[in-house]
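Read the figures in this text as sums done on the coordinates, not as results from a lab. Just so it is clear, the model here is predicted, and its values are computed rather than measured. Glycine gets a Cβ as well: all are built from the backbone with ideal geometry, and neighbour counts include every protein chain shown.
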Amino acid sequence: MLSSIRCYLLPVFKLYLLGLKVLLVQLFGRSFRLPVMPRQDGKVAIVTGGVRGIGYEVVRHMVKLGAHVFIGTVPNITDSQSGQDARKARWQENGKKIEFRKLDLASLQSVRQFVQSFKERDLPLNILVNNAGVMLVPEGRTEDGFEQHLGVNYLGHCLLTWLLLDRLKDSGKCGHFSRVVSVSSSAHRIGKIRLNDLNSCQWYSAHAAYCQSKLALLLFSSHLHQELQRGGFPVSSFAVDPGMVDTALYQYLWTPLRLAQSTIARFLFKTPAEGAATVLYAALSPALEGECEGGYWANGCREMTTPVTFDPELQLSLWETSLRLVGLQ
Ligand SMILES: NC(=O)c1ccc[n+]([C@@H]2O[C@H](COP(=O)([O-])OP(=O)(O)OC[C@H]3O[C@@H](n4cnc5c(N)ncnc54)[C@H](OP(=O)(O)O)[C@@H]3O)[C@@H](O)[C@H]2O)c1
């Protein structure tokens, strides 16, 4: 009984309480407005999950500034060919430089194929935005047998970043570092890394799994930044919390909550464009240039988050375990 409360009810309670707190801060705090960013002509970016929500706004802004953007996306099986063509046409009508590539983060093979197809183009890579994500999905496994949140939100991005690291390093230079921006969440604050049960085989809570995946992404981002700086490479790694944003991410909430959320969201949540602001700031701002940057960013500011995110032993253990899981060691 006690263990059921601890495993299943506590993560639910903690996540909704945190959501309420974030909402109140959002309501009474000042919302970050993205300053005017410099032109990005000649820059190449990859954005995962760039066809809707926050990712869509990130792509829209980047292409407006002249960047060449690759969108990694899962072709939706419910999308007809004409629907997909219409989506592409919406982007391409203004002659923007956008390319769509199949990327299913729930499949390590798909991640490898995506990277191969990108590298075949022989382009530089200046910005990688690890944005795609799922939240509170029913228990399930990815193609490689990982728990869904861990596999899609974290391990897929972990492999993607690793395989693109050489291109990011080659494309960065002093004064123009390449950047990796990983979209985490304030939910990382209540996350726990279960190193001996990362895949939630012993017990499954969608709430705990989401929080774990977002904490893992933050630990990865932070460790990656340190490794890059130690090696003297011109690449920075940032983790970002976009805030509570009105997107389809909430589609798996329990139905009564989903109804309440969709009503509240219209008034209290950020719009996807507002949610994209800090992501874009981390990806584009000249103010964040150089090896001292990186870190965790929320509402346009660098934040010191929970002590666990700075734990070097945990960062290293997770790093090594993750590389092994994605087949890199
Ligand atoms: N919304 C919030 O309040 C909030 C708060 C904190 C953090 N975040 C984070 O922000 C990021 C963007 O979320 P959002 O709010 O914009 O949600 P969203 O509208 O649901 O967008 C999620 C994106 O991820 C893509 N995706 C899902 N599974 C994928 C897979 N297996 N492979 C490749 N792409 C996949 C989706 O692609 P399809 O369109 O093809 O399904 C979609 O484009 C997520 O990482 C989320 O955790 C959001």
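Applying both filters, DSSP loop and at most 12 other Cβ atoms within 10 Å, to the GluC sites (Glu not before Pro) of the stretch 118-192 gives Glu139, Glu143. Which value, in debye to the nearest 20, gives the size of the charge dipole of the stretch 36-325 about its Cα centre, when Lys and Arg are +1 and Asp and Glu are -1 at the Cβ? The calculated dipole for the stretch 36-325 is roughly 620 debye. Please say if the stretch 218-302 is rounded, prolate or oblate, where rounded means a/c under 1.5 for a ≥ b ≥ c the square roots of the C-alpha gyration tensor eigenvalues, and otherwise the choice is prolate for a/b larger than b/c and oblate otherwise? The shape class here is prolate. Dividing the summed helix terms, -39500 (n - 2.57) for each DSSP H run of n ≥ 4, by the number of residues in the chain produces a 222 nm estimate of -14000 deg cm²/dmol to the nearest 500.
On the beta carbon distance between Cys7 and Thr306, with R0 = 30 Å, the FRET formula returns roughly 0.90. Pairs of alpha carbons in the stretch 180-233 separated by more than 17 Å make up 42% of all such pairs. Pairs of Lys residues in the chain, spaced 8 or more positions apart or belonging to different chains, with C-alpha separations under 16 angstrom: 18 in total.
Antiparallel beta bridges, as assigned by DSSP with both residues in the chain, represent about 15 percent of the total such bridges.
The overall shape of the chain, judged from the alpha-carbon gyration tensor, is rounded, with an a/c ratio under 1.5.
Rounded to the nearest 20, the size of the Cβ-charge dipole of the stretch 161-245 about its Cα centre is 100 debye, with Lys and Arg at +1 and Asp and Glu at -1. Looking at the stretch 220-313, none of the GluC sites (Glu not before Pro) sits in a DSSP loop with at most 12 other Cβ atoms within 10 Å of its own Cβ. Could you work out how far the C-alpha centroid of the stretch 216-270 sits from that of the stretch 1-54, in angstrom? About 4 Å separates the Cα centre of the stretch 216-270 from the one of the stretch 1-54.
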